[in-house]
Structures are given as C-alpha cells and as structure tokens.
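Structure first, commentary second.
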C-alpha cells in the first residue's frame, strides 16, 4: 500500500467514523486493511473510500472490523488468581474506609463481549456478597456492547473456566448457549467509549485493560497509561494483559505489584 493511499484512508476513517488509526501500529494496521480490501472484492481503495463515505451499513461493518474483539472468562487464570487472592481483598478493605457505603469501583476498559466485567461481577458475588459495587464496562464497538448487555450468548468453550455448580449459579438454565443470569447483568454498566479520545471517569479502585495495549503504538500507550493513572485513586491498581508491561512504571506514577499489576503511587 502506498503511503499516500494509507494517509487518505486515515483521514477518511477519522472523518467518517471518528476513529484515529494513527494510534495503532503502522505496519500491523496496513496489513489488516489490505486483507479487508481483498475480502471485500472491491478493486481499489479509491473505490472503497467513496463507498465508505456514504454507505451507513458499510460504515458499521468497517467499524466492527477495526475494533478487535477477544473475550473470555478468567483469561490467564494465574493472573486472575493473583487478583482474587491478593489484590482484590486489599481493594475491598480499603474501599470500606474511603467511601461511606464501602462501594468498590471497577472499570473494564475494552470489555469486548462482556466476559471480563462479568468475571469481575462473579468474583465480587463470591468474595463480597452484598457489598456495593460499581462495575463500568466500556468498548468502542456497539455490536459487541449489545451482546454484552444481553449477557450472551456464550459458547460452551467460552465458559470452560467454570465448574458445573458455577454454571448453574451464574448462567441461565438450558445452556448451551449460555447467558449470564440477570442478577449479574444488572450489576454491570455498559457504555460506548473511545479510550483514545473520550474523557475518563475518576476514583477507580481497579482498572482492567487486558490485551488492548498490544495494538497501540508507544505514544498511544503512554497516553493511556497517564490517563489510567489519573482515573485511579491513589493505591488503585491497573490490571494489564499477560504480554503487556509498563517499561518504566515509576516515570508514570506506578509501581509493579505483581505480574500484570501496577499500583498508582
């Protein structure tokens, strides 16, 4: 793909869809775009961009293609065990002293189809039943948010992390496919949100943003790390994916508190 063509794609996508592709890794995004054009059967990017500017259906389809959706319950089980055993009990205890109702505030950023925020809801149901909790779950993709709000459907292989008793407790009968029970869906607030352009809420105890950063260039990562730092309360924790790190956490106001975990200092 020629540089001039790529720049025209970037301009058109930002103007039409409000998505700034300059934050993504350049070569990786070019390959994905070339693959999309090949699959679309349209002969050139000039023809495709003309269509994209006026075709609302294609705009939705292209937006869905650009937003990468990977979601599973308890992905990287050892990391979630670390959250359950060490991080979350501390945050729950500290929340009792920080807020009158003891509410704990959690954010799943880039939540995809909802497995991650529902994992948080299930952990709280098991560890702190009856406690006030605010669980915010955000994503750029409206399509996956609709599925997330509905609590499914999830395939059998997507719920393998649960034993039979947990499946009975947290999913509707008659599965598969599996749907999260209403008492859990009601505990999660889903919202459309662009991490790279929309404002962040504040005073979170825990932010979970896993396997999202790997697609961004270094400047976008640093921007997000700084925004997450401001969104956390002092002592709050950022939970990243297994392959994601903050190279020099102290420079951004964090300290490592375990693999994938960074505390705001």
Residue list for the range 230-240, filter: in contact with a helix residue (DSSP H, G or I) (Cβ under 7 Å, 6 or more places away or on another chain) and either over 22 Å from residue 79 (Cα atoms) or buried (at least 21 other Cβ atoms within 10 Å of the Cβ) (or both): 237, 238, 239, 240
Residue satisfying condition, being outside the structural domain of residue 132 (by TED's automatic domain parsing) and out of contact with any strand residue (DSSP E or B) (no Cβ under 8 Å at 6 or more places or on another chain), within set 39, 90: 39
Yes/no for residue 232 being closer than 28 Å to residue 99 by Cα and out of contact with any strand residue (DSSP E or B) (no Cβ under 7 Å at 6 or more places or on another chain): no
Residue identified as more than 15 Å from residue 65 (Cα to Cα) and surrounded by fewer than 16 Cβ atoms within 10 Å (Cβ to Cβ) among 20, 26: 26
Failed item, numbered, when residue 254 is tested on (1) surrounded by fewer than 21 Cβ atoms within 10 Å (Cβ to Cβ); (2) touching a strand residue (DSSP E or B) at 6+ places or on another chain (Cβ under 6 Å); (3) more than 20 Å from residue 136 (Cβ to Cβ); (4) in contact (Cβ under 8 Å) with a residue 24 or more places away in the chain: (1)
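For residues that are within 28 Å of the chain's Cα centre (by Cα) and in contact (Cβ under 8 Å) with a residue 40 or more places away in the chain, scanning just the range 23-48, find the one that is farthest from residue 218 (Cα to Cα).
28
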Of all residues in the range 143-167 being in contact (Cβ under 8 Å) with a residue 60 or more places away in the chain and more than 17 Å from residue 122 (Cβ to Cβ), the one that is surrounded by the most Cβ atoms within 10 Å (Cβ to Cβ): 144
Selected residue (only one of 188, 159 is within 30 Å of residue 225 (Cβ to Cβ) and in contact with a strand residue (DSSP E or B) (Cβ under 7 Å, 6 or more places away or on another chain)): 188
Matching residues, the range 49-63, being touching a residue at least 12 places away in the same chain (Cβ under 8 Å) and surrounded by 15 or more Cβ atoms within 10 Å (Cβ to Cβ): 49, 52, 59, 62, 63
Segments classed as helices (runs of 4 or more DSSP H), wholly inside the range 1-105, with at least 3 members that are more than 30 Å from residue 188 (Cα to Cα): 3-17, 26-40, 45-52
Hey, residue 116 more than 17 Å from the chain's Cα centre (by Cα) and either assigned to a helix (DSSP H, G or I) or buried (at least 21 other Cβ atoms within 10 Å of the Cβ) (or both) or not: no
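The values are calculated or read from the model by the stated rules, or taken from the named source; none is laboratory data. Everything quoted here is computed from the prediction, not taken from an experiment. Cβ: placed from backbone, ideal geometry, glycine included. Neighbour counts: every protein chain shown.
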